[in-house]
Amino acid sequence: MRKRILFVCSLLLALQVSGETLLRNAPKPLPPLPLSKQIKWQQMETLAFVHFGLNTFDDKEWGYGDVSPEIFNPKKLDCEQWVKTCVKTGIKEAIVTAKHHDGFCLWPTHLTEYCIRNSPYKNGKGDIVGELAAACKKYNLKFGVYLSPWDRHQANYGTPEYVDYFYKALKELLTNYGTISEIWFDGANGGDGWYGGTKEVRKIDRKTYYQFERAYKMIDELQPEAIIFSDGGPGCRWIGNENGFAGATNWSLLRSKDVYPGYEKYEELQYGHADGDKWVPGECDVSIRPGWFYHPGEDTRVKSVDQLVDLYYRSVGHNANLLLNFPITRDGLIHPVDSANAVNAHLRVQHELAHNLLAGLQPHVSNERGDGFTAKAVTDGKYDTYWATADGVKQATLEFELPQKKKINRFLLQEYIPLGQRVKSFVVEYYCNKQWLPVKPGEETTTIGYKRILRFPTVVTNRIRVRFLDSRACLCINNVEAFYSGDDRLPQVTSKEIEVKGYSFTLPNVDAEEMEKCMDRNDTTTCFVKGNEVLIDLGQKRLIRSFYYLPDQHSYHKGLIANYELSVGLSPDKIDQVVTKGEFSNIRNHPVWQSVFFAPVYARYVVLKATRMIRENENPGMAEIRIE
């Protein structure tokens, strides 16, 4: 008995020492860091919006606030049908438009007469916010509410009295419907409206009028686990478009003092801020139809399965969450076509990512921290284990050897975000014909964050690797997976290069007639420039992230650029920021459109420098160039 006690004590001591060693050797967190509720939010990945209200019956997107509640009368409303659709689609949360800009409230508030109490629905006894909350609880779906700060109906909008009304309404939603997972505030604020019959334009100071700090405090007190959505968060941020995708470069960081509801530089939100001081991950909102509210004329314009699958990869696969909107019909249901396409898209994604070819493999690494932070952690299927490099090691290689050659066209990576977002640049390569070649995802491979999924033309190999080129601190990678989607069709990641519109530009140092040849969308003409540098003037400051180059298309293919360097600047005398450099692989034998992607950057001037030509002493030739 005594020996057994001594053994148990020794074992406990060993485990304690082991745990303490592990903690001591763990990488230091790299601020800003996510809250635990933000991590849980991002792990949901796909969410649902349901837009429903007077607009549904008035065939409008933004109601003016002057329509009678008597038109609101869904005959077959079934919130459980909405939730069942969400469950089949893999969605984890549903957010309802409790009050849109027209001011009509979908719950029986006594703060205003402009609400569901005064509609024919259930003889004024209905409560759609409550019905959806109950259905979500029944099917274990998280529940969220959208409360528009703008109100085109209320006569006192624009005064301090309206702000008090707004907070009373918010308090009702936070206290009467159980646990709220997400509260949605959008950036559409102030403008023309009915405003109690005045029918005028009212403007407010978006930064100060709503006193949003007051909202954050109330939510923290009444619903502490709720995520707050707005242009700048603080829980999650608008992605800067309503098309459902994030930038391939996507930091979960924002400069909190810069961004506010209605932020004018909203295009930045697609990428986040690399130098941000607050953790605010992106949410990609998009409607399954052109409009957010139901319009019968859009029954034939529902997004296809292919389009929805593409959006998944460009949102969840770009370190963001996808918020898919279902416009509820006038009967009070999700339209069967909308439901079928969403479900089938989910099944397609599940099929494409069903068989992880790297599961359980022991990768080879160029650097390893040890003591529980070994490379084996990236294939063990556990979220809270991760491979880490030694302090200060910001570059490393992670290589996998498969038992036999396999087709691969999907690659998934995850950083251990509880310790911060770190990776700034990486490349995925496969071994073929005794050399390492890069896969071609058609987008920049810069950030990773919670999840990054690359799609690329199918490769066949038994060796694949990730080279991490730069990071904010030592690497912390908790998951790496590879898949074959079952289909060799090229993924629809970007538009065909020849169809890329691009910004207008001039070449200040090139004759006008010659310059026209690289922008005339005619691949039979080629612009040749003297020297090894081309100065490109975009005419104004632009946010750019890609460069496209079509070499000379004549039979001899003159002026082929082998290696390049791209630099940017805001003035012609200071173009010194190198954004990327590399080679146009196989351009001698395959002189097709070349695509260069880099982290988004503001610039007016771009310099393309040919650091090596296929044929020495030739002048660079460009049939076409584009910048976006």
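Side notes on the structure shown:
- Over the residues of the chain, the helix contribution to mean residue ellipticity at 222 nm works out to -6000 deg cm²/dmol, using -39500 (n - 2.57) for each DSSP H run of at least 4.
- Cross-link partners of K530 among aspartates and glutamates (Cα-Cα below 19 Å; sequence separation of 8 or more within a chain): D511, E513, E514, E516, D552, E565, E616, E618, E624
- Separation in nanometres of the label points that stand 7 Å from Cα toward Cβ, at K138 and D470: 5.4
- Rounded if a/c under 1.5, otherwise prolate or oblate - the range 496-628, Cα gyration tensor axes: rounded
- Taking Cβ atoms as reference points and 9 Å as the exclusive limit, the residues near P296 contribute a net charge of -2, counting Lys and Arg as +1 and Asp and Glu as -1.
- The modelled label-to-label distance for the pair N522/H351, using points 7 Å beyond Cα in the direction of Cβ, is 4.6 nm.
- For the range 356-361, backbone phi angles converted through the Karplus equation (6.51, -1.76, 1.60; θ = phi - 60°) give residue-by-residue couplings of 6, 6, 9, 4, x, 6 Hz, Gly and Pro being listed as x.
- Excluding same-chain neighbours fewer than eight residues apart, the lysines reachable from K75 by a Cα-Cα span under 16 Å are K122, K125.
- Charge tally in the Cβ shell below 9 Å around S256, where Lys, Arg are +1 and Asp, Glu are -1, S256 excluded: +1
- Of K37/K376; K424/K574; K137/K203; K265/K424, pairs whose Cα-Cα distance is over 32 Å: K137/K203
- Length released on extending from L33 to K199, taking residue separation times 0.36 nm less the Cα-Cα span: 55.2 nm
- With the convex hull drawn over the C-alpha atoms of the range 560-611, the volume per residue is 78 Å³.
- Net +/- balance of residues flanking K451 in space, Cβ distance below 9 Å, scoring K and R +1, D and E -1: -1
- Nearest 10 degrees, 0 to 90: helix 128-138 Cα axis against the chain principal axis: 60
- In degrees, nearest ten, helix 2-25 long axis to first principal axis of the chain (Cα): 80
- Between 0 and 90°, nearest 10: helix 212-222 axis offset from the chain longest Cα axis: 70
- Longest to shortest principal axis, alpha-carbon extents of the chain, angstrom: 93, 82, 44
- W292 accessible area, assembled protein chains, probe 1.4 Å, Å²: 30
- Alpha-carbon centroids, the range 249-318 and the range 365-431: separation in whole Å: 27
- Between the C-alpha center of the range 94-121 and that of the range 155-209 there is a gap of 13 Å.
- Counted residue by residue at 0.36 nm each, then reduced by the alpha carbon distance between them, the extension gain from E242 to W593 reaches 123.4 nm.
- The label point for N586 and the one for K122, both projected 7 Å from the Cα toward the Cβ, are 6.2 nm apart.
The values are calculated or read from the model by the stated rules, or taken from the named source; none is laboratory data. Since we're looking at a predicted model, the values are computed, not measured. All Cβ positions, even for glycine, are placed from backbone atoms using ideal geometry, and neighbour counts span all protein chains on display. We work out accessible area using only protein heavy atoms, side chains counted, and drop any ligands, DNA or RNA first. Shrake-Rupley method; radii C 1.70, N 1.55, O 1.52, S 1.80 Å.
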